[in-house]
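Below: the structure, in structure tokens.
The values are calculated or read from the model by the stated rules, or taken from the named source; none is laboratory data. Nothing here was measured: the structure is a model prediction, and the numbers come from that model. Counting neighbours? That spans all protein chains shown, and the Cβs are built from the backbone with ideal geometry, glycine included. With ligands, DNA and RNA removed, areas are computed over all heavy atoms of the protein, side chains included. Shrake-Rupley method; radii C 1.70, N 1.55, O 1.52, S 1.80 Å.
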There are 2 protein chains.
Amino acid sequence: MVAKRTTLADVARAAGLSPTSASQILNGKPNTRFSDDTRKRVREAASTLNYRPNVGARALRTDRSLTIGFVSDVVATTRFASGLIRGAVEAAQEVGHVVLVVESGGDPAREGEAVAAVLDRQVDGIVFATMQARKIKAPVVPEGTRVVLLNAISAETSRAVLPDEEAGGRSAVDLLAQAGHRDGIALIGRNVLSEKFPTRSATIARRMQGITSRLDEFGISLAAEKASDEWEPDDGYRLTKELLAESGDIRALICMNDRLSFGAYRACLERGLTVGRDISIVSFDDDEIASYLRPSLSTIALPYQAMGRRAISLLLGDETEPGEYLVPMPAIERESILDLRTNSGWV
Amino acid sequence: MVAKRTTLADVARAAGLSPTSASQILNGKPNTRFSDDTRKRVREAASTLNYRPNVGARALRTDRSLTIGFVSDVVATTRFASGLIRGAVEAAQEVGHVVLVVESGGDPAREGEAVAAVLDRQVDGIVFATMQARKIKAPVVPEGTRVVLLNAISAETSRAVLPDEEAGGRSAVDLLAQAGHRDGIALIGRNVLSEKFPTRSATIARRMQGITSRLDEFGISLAAEKASDEWEPDDGYRLTKELLAESGDIRALICMNDRLSFGAYRACLERGLTVGRDISIVSFDDDEIASYLRPSLSTIALPYQAMGRRAISLLLGDETEPGEYLVPMPAIERESILDLRTNSGWV
DNA sequence: CAACGATGCTAAATGCTTTTATCACCGTCT
DNA sequence: AGACGGTGATAAAAGCATTTAGCATCGTTG
């Protein structure tokens, strides 16, 4: 025989009261008058019986389910962007909420289905996340539904959480400049397509913008630039290899992401160049591999977890201003940058 | 003015019927008698009004919420094991369910809270996942709650989904044997602690067992063995470096995971050994880095996604036999193994 | 023609909680 | 004595869907 869950009625009975009273007391309803003794009795009954309200029943009445829908396109559960979910789950739990995770596979039909599925469960709000920060058509939801875009932007007015890529781009340059780099700086992975089309990436253009404007401020001009629309390790290898063959005195590389850097390490090595001593590398993302490489890779992190948290605080908080909410990209200083002034590089 | 959701009553009204009838028709209740015309009218009304049942209200009556609780210890949302969630979410959605993701941080108190939180939402069952396949004290849940352990085992009788590590261990050896390796095989990362204590790892001993028994069957004895309780890249580097310095003719490495392999690559390189030509490496996990390495790493994959799927099919299906449900570990053949018979290695 | 069995449908209860409106009682004031 | 205000509580409805038990109506059968 399965023990049934304690209900509010059980508590009321145990305390010799009506469910109404029990409800009002447990919820701390203002403007009610109960004797201290009564209040105490109810609370004690609730605690001994281990009462927990049925969230579904409550939601039926109050329209608040303490539940948030997290709907992502392809792969927010992918290792790349799983920090988004992680941050959201953590932040939600801290304020007594719970997260319903749904994936649409990027397919608009399934997206509609996903949205409906969470709405059916009376969620208090929906976070729409994409893995590649992209411009999306915000899914249609009933008027009045709270929505936050995570790692995505849309044409419709709404709130969107994004990494502060422009500042991140500037930070990357700062890391190099701080270490005394002024000449012989090359850029690996300039991405013309993505810079043009926000449906591919909402952020790459800004990263680029941050880099170039900061370089300008320092009066630095790039010694070389290698373009690529793909950013896999092999691309980094190929581009860096070409670069080192063509250009004379390259002292530092700005790689557009860590996977490119991974390939760049190999190309440098083959050429007899030790990263962190003969050549500096700064990069973006703080991917898993960044800490595995030797020397470990200095990189501007994509703050996925913080972004996930921010999306929740935005969804549940009272900042209702539509627009972009930027999350800083921390500079992770490791060992891949040679300090030209002290000349203390990697050993 | 916010448009209210369509309710069953709305549908009934539109079809000129009672909610009772509408419910029975839409749910295809057997042993009811309605005219074809009536059925049609209800279905049409439901579809034009875009009716979707309120899952909470329904759960109140039926105790089925089409929702599954996924509670994990520290980090099932971590990139390492995020495949577990991904598989679960996918499989759940395919059968019309949705997944509630909660984390306990490994703290027993928070674990209780996490379980309660999903129970409050009347989930149809709970998946308990851990990142490191470990032996755990299965959390207490009310009798009658369906539970599946994912990547974990416990003393209590219940169902547990695990990777088939023993077969995986055998596969690793097979990959080497197939390529003609018989001598000069070394093992990197033997883990004495974890083999002894299932609270640290439920699976490492089995992986080891698979490796040794298969080696035995081939009559192969290990040329060397390096132990370590940590399996990070630096450990792989250090162990391999030592190994190569000490032992004479090492032709193949079995690394206990891909991060060790990563370090091993570096050690080989430094020693002037080209992986896939001068020395073979086989490994475990199929981590992100396995495909980035050059030559790419042949490895026995941890089938996280398939395991997540399996947990759901177990939770919702009717295999109620307690015990372990093993998921095969696919051998991912890449380029890190030299075929001694054709001598066609990596170029 | 009365009884009966199909046929087609519905009222009301149920699940659990919150909310609104109201009630009984007591003491005090005029 | 009657009105009044305060105190401490509750009945009933509402929120949405499902389930149980039963009600009309109609054609058939003996």
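Brief remarks on what is shown
- Counting only aspartates and glutamates at least 8 places from B:K196 when in the same chain, those with an alpha carbon closer than 14 Å to its own are B:D229.
- Hydrodynamic estimate: the Kirkwood radius of chain A over Cα pairs, inserted into Stokes-Einstein at 25 °C and 0.890 mPa s, corresponds to D of 107 µm²/s.
- Considering only B:L316, B:T299, B:I220, and ranking their Cα positions along the charge dipole of chain B that arises from unit charges at the beta-carbon of Lys, Arg, Asp and Glu, the one farthest toward the positive end is B:L316.
- The modelled label-to-label distance between A:V74 and A:N343, using points 7 Å beyond Cα along the C-beta direction, is 4.8 nm.
- Take A:152-159, B:26-33, A:179-186, A:166-173 and order them by the average number of nearby Cβ atoms within 10 Å per residue, most first; the result is A:166-173, A:179-186, A:152-159, B:26-33.
- Among A:G189, A:G106, A:G69: highest mean-square fluctuation, GNM of chain A, C-alpha pairs under 10 Å: A:G106
- Total charge dipole magnitude, segment A:165-302, about the Cα centre, Cβ charges on Lys, Arg, Asp, Glu only, Debye to nearest 20: 160 debye
- Semi-axis lengths, Å, the protein assembly as shown, gyration tensor of Cα atoms, sqrt of 5 times eigenvalues: 50, 33, 23
- Crossing angle, helix B:165-178 versus chain B [Cα axis fit, 0-90 degrees, rounded to tens]: 40 degrees
- For segment A:76-141: Kirkwood Rh in Å [reciprocal of mean 1/r, alpha carbons]: 12.8 Å
- What you get for chain B, charging only the Cβ of Lys and Arg (+1) and of Asp and Glu (-1), is a dipole of about 1580 debye around the Cα centre.
- Calculated P(r) tail over 15 Å for segment B:8-53, as whole % of Cα pairs: 28 percent
- q = 0.09, 0.14, 0.22 Å⁻¹, segment B:165-303: log10 I(q)/I(0) [Debye, one scatterer per Cα]: -0.22, -0.55, -1.50
- Most positive-pole-ward Cα, A:G168, A:T130, A:V141, against dipole of chain A from beta carbon charges: A:V141
- In summary, the lysines within cross-link reach of B:K241, defined as a Cα separation below 17 angstrom excluding same-chain residues under 8 places away, comprise B:K226.
- CD proxy at 222 nm, helix term only [per DSSP H run n ≥ 4: -39500 (n - 2.57); per residue of chain A; nearest 500]: -12500 deg cm²/dmol
- Accessible area that becomes buried as B packs against A, both chains, 1.4 Å probe, Å², nearest 100: 4600 Å²
- Since only A:A267, A:F197, B:A155 are under comparison, the one whose Cα sits farthest along the positive direction of the charge dipole of the protein assembly as shown, derived from C-beta charges on Lys, Arg, Asp and Glu, is B:A155.
- Dipole check for the protein assembly as shown: with +1 at the C-beta of Lys and Arg, -1 at the C-beta of Asp and Glu, and the Cα centre as origin, the magnitude is about 2620 Debye.
- For A:E270, label point 7 Å along C-beta direction: distances to other copies, nm: 2.2
- Spatial extent of segment A:1-98: Rg and Dmax, with the Cα atoms as the point set, Å: 18.5, 56
- Straight-line cross-link reach from A:K137 at under 13 Å between alpha-carbon atoms covers these aspartates and glutamates, not counting any fewer than eight positions away in the same chain: A:D73, A:D107, A:E111, A:E156.
- Angle in degrees between helix B:233-246 and the longest Cα principal axis of chain B, rounded to the nearest 10: 20 degrees
- Whole-percent carbon and sulfur share, accessible surface of segment A:127-192, 1.4 Å: 49 percent
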